[in-house]
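Trainee: Can you keep this structure in mind? I'll have questions shortly.
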Amino acid sequence: MQTESRLRVKIGLEVHCQLTALKTKLFCSCSSDYRSSEPNEKICPVCFGLPGTLPVLNAKAVEYATMISLALNGTVANRSIFYRKNYFYPDLPKGFQISQYDKAGGVPIASSGFVQIEGKKVRITRIQLEEDPGKLSYEGTIDKSSHSLVDYNRAGIALVEIVTEPDIEDAREAKVFLEKLRSTIESLGVSNGELDGAMRCDANISLAGGARVEVKNISSFKEVEKALNYEILRQRTFSGNAASETRHWDERRSITIALRSKEEEQDYRYFPEPDLRPVVLEPGAIDGVRKAMPEGEDAKASRYTKDFRISPQLAKELAADKALSTYFDKCAELHHGYQEMAGLIVGGFSGDAMSEGRAATPEEFVELVRMIESSSITRAQAKEALRESLRTGKPVRKVVELRNLSAVVDEGAIAAVIEKVVAARPEALAEARSDKKAFSYLVGQVLKEEPKAQPGVVAKLLARRLRK
Ligand SMILES: [Zn+2]
């Protein structure tokens, strides 16, 4: 009989992230903008490894890979070495890929590290710099196509490969990990995950007691959850007796298909790349990169909690969106109502509107927050003004004036509404004396009748009415 532990799922990911902020490829001066080109236009003798050519390492790529390594809490090597990974495949013009390796004397750019998700650490084994192969396309599907087409424009593009330990336990967790990884890398400004194929993923999946199956070619993070769920179900059906093999994720049919039995490491005949010197990074240079790096998401969230006393959940949401947090930082220089501002930014804006420059200026925004603080408008009205300003492009202050938004501060008027509400609900009035929920319900009913009323004032007057 199968036990729970026998069915335990272990997933390790290998994420390939293109350094899309680079202008040129990793070892030559070919343009890295392969997406807008005709096939095989952006290639040169170096990309092809023709006799007499030598690769020259892109220094910026090393800097970016170092940034990613530090952001993922990795230990950056002072001296890393490039290796040749030899294999024959049509997408590889040289017959080998210049990569890094962590065995047989190989040292990748960084080792260890972790990504914190939902109270758990996903450990990172290594981070390495390598070149992307070309791009193959098939007529129809990979197993039925009579031929494949190859475009070498992508061959030689700088990739950072991030390899995790098998710490992930289901498809959803993989998705959460990848989203966190992506936002962390994007916040560094070195890679744009929106671009097609800029972040790809291979997954190693095993059910406890079963063989390790590698699923390749998951071309976007969106597909990862689907591919993993399919593969876990497939292996469960084999009762953990799945063969050790490499499978291909077929997006169109949403299934994995067997490609080949899994290569062993010795099949790649790794050896040090003789045409490239080791990458030497003095501790001072690594520190320099660290100092110049934009603040990471986790660091930013804890700064918000510590310096501004913003609640941890709100701080996390704010820090997760680069456009929103940059905006908040500007507002925080102008005004000290941090919690109010953070809540209003997270609840009232979208990152898109922010990056398109359609949002209110920080000065206008702060003016609006001051109106809430002085009780001249309600929080709900402020949100309304922000939304309308986004929609129409009118300044926020103008919207407040035109819509005649103002909080009813006349306590007599609010008291009259309270009388009307409690008269219609005498039983709620009696309950509200001892029951918080009934009290909040009555406040809500008053606000429904008079949306301009300040919730705080309503609560104060209602409490007074209860004592009668
Ligand atoms: Zn080239």
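The values are calculated or read from the model by the stated rules, or taken from the named source; none is laboratory data. Keep in mind that this is a model prediction, so the values were computed, not measured. Every residue, glycine as well, gets a Cβ built from its backbone with ideal geometry; the counts of neighbours run over all protein chains shown. Remember, those area values only see protein heavy atoms, side chains included, never the ligands or the DNA or RNA. Shrake-Rupley method; radii C 1.70, N 1.55, O 1.52, S 1.80 Å.
Trainee: Quick one: which residues, 5 or more positions from N192 or on another chain, have an amide H under 5 Å from its amide H? H modelled 1.01 Å from N in the peptide plane, none for Pro or chain starts.
Mentor: Close amide H contacts, sequence-distant or interchain: T20, A21.
Trainee: For segment 332-468, state the semi-axes of the equivalent ellipsoid (square roots of 5 times the eigenvalues of the alpha-carbon gyration tensor), sorted largest first and rounded to whole angstrom. Walk me through the numbers before you get to the answer.
Mentor: Details: eigenvalues 224, 42, 34 Å².
Three semi-axes, in Å: 33, 15, 13.
Trainee: So for segment 1-144, Kirkwood radius off the Cα pairs, Stokes-Einstein at 20 °C and 1.002 mPa s: how many µm² s⁻¹?
Mentor: Value of D from the Cα-based Kirkwood radius: 121 µm²/s.
Trainee: Which is farthest toward the positive dipole end of the chain among G95, S244, L281, measuring Cα position about the Cα centre, with Cβ charges +1 (Lys, Arg) and -1 (Asp, Glu)?
Mentor: S244
Trainee: On to the next question. If you line up the long axis of helix 338-348 against the longest principal axis of the chain, both from Cα atoms, how many degrees apart are they, to the nearest 10?
Mentor: Taking the Cα atoms of the chain, the angle to 338-348 is about 70 degrees.
Trainee: Could you work out [θ]222 nm for the chain from helices alone, using -39500 (n - 2.57) per DSSP H run of at least four and dividing by all its residues? Round to the nearest 500 deg cm²/dmol.
Mentor: Values: 16 runs with 187 residues, N = 468.
After summing the helix terms and dividing by residue count, I get -12500 deg cm²/dmol.
Trainee: Output the 0 to 90 degree angle, nearest 10, between the alpha-carbon long axis of helix 455-466 and the longest principal axis computed from the alpha carbons of the chain.
Mentor: Roughly 40 degrees, rounded to the nearest 10.
Trainee: Explain nothing, just the number: relative contact order of the chain, from Cα pairs under 8 Å at least 6 residues apart, as a whole percent. Each step should come with its number before you reach the end.
Mentor: Working: 837 pairs, mean separation 62.4, N = 468.
About 13 percent, as a whole number.
Trainee: If you filter segment 42-99 for chymotrypsin sites (Phe, Trp or Tyr not before Pro), then keep DSSP loop positions with at most 15 other Cβ within 10 Å, what is left?
Mentor: Values: sites: F48, Y64, F82, Y83, Y87, F88, F96; in loops: F48, F82, Y87, F88.
Passing sites in segment 42-99 are F48, Y87, F88.
Trainee: Right, next: If you line up the long axis of helix 297-308 against the longest principal axis of the chain, both from Cα atoms, how many degrees apart are they, to the nearest 10?
Mentor: Once rounded, one gets 30 degrees.
Trainee: Which one of G347, C30, V190 is farthest out on the positive end of the charge dipole of the chain, using unit charges on Cβ (Lys, Arg +1; Asp, Glu -1) and the Cα centre as origin?
Mentor: G347
Trainee: Find the accessible area per residue for the chain; the probe is 1.4 Å, ligands and nucleic acids are left out, and the unit is Å².
Mentor: Working: 23080 Å² over 468 residues.
That works out to 49 Å² for each residue.
Trainee: Something else now. Just how many % of Cα pairs in segment 264-418 lie over 24 Å apart, if you round to the nearest whole percent?
Mentor: For segment 264-418, the share of Cα pairs beyond 24 Å comes to 50 percent.
Trainee: Keeping to pairs on different chains or 8 or more places apart, tell me how many lysine pairs in segment 1-125 have Cα atoms under 20 Å apart.
Mentor: 12
Trainee: Continuing with this model, one more query. For the chain, which whole percent of the accessible surface, found with a 1.4 angstrom probe, sits on carbon and sulfur atoms? Show your work: numbers first, answer last.
Mentor: Numbers: 12060 of 23080 Å².
Of all accessible area on the chain, carbon and sulfur atoms account for 52 percent.
Trainee: If the reach is capped at under 30 angstrom between alpha carbons, list the lysines near K436, excluding any in the same chain fewer than eight residues apart.
Mentor: Output for K436: K316, K383, K420, K448, K452, K460, K468.
Trainee: Sticking with this structure for a sec: With charges set only on the Cβ (+1 for Lys and Arg, -1 for Asp and Glu), what does the dipole of the chain come to about its Cα centre, in debye to the nearest 20?
Mentor: In debye, rounded to 20, the chain gives about 1240.
Trainee: Another one. Rg/Rh for segment 297-352 to two decimals, with Rh computed the Kirkwood way over all alpha-carbon pairs. Please report the intermediate quantities before stating the final value.
Mentor: Working: Rg = 9.7 Å, Rh = 10.7 Å.
Dividing the radius of gyration by the Kirkwood radius yields 0.90.
Trainee: Grab the beta carbon distance between D250 and T75, set R0 = 41 Å, and tell me the FRET efficiency rounded to 0.05. Numbers along the way, then the final one.
Mentor: On the way: r = 38 Å, r/R0 = 0.92.
Between D250 and T75 the formula returns 0.60.
Trainee: At 37 °C and a viscosity of 0.692 mPa s, what translational diffusion coefficient does Stokes-Einstein give for the chain, taking Rh as the Kirkwood radius over Cα pairs? Give it in µm²/s as a whole number. It would help to have the intermediate numbers written out before the result.
Mentor: Details: Rh = 26.2 Å.
Once the numbers are plugged in, D ends up at 125 µm²/s.
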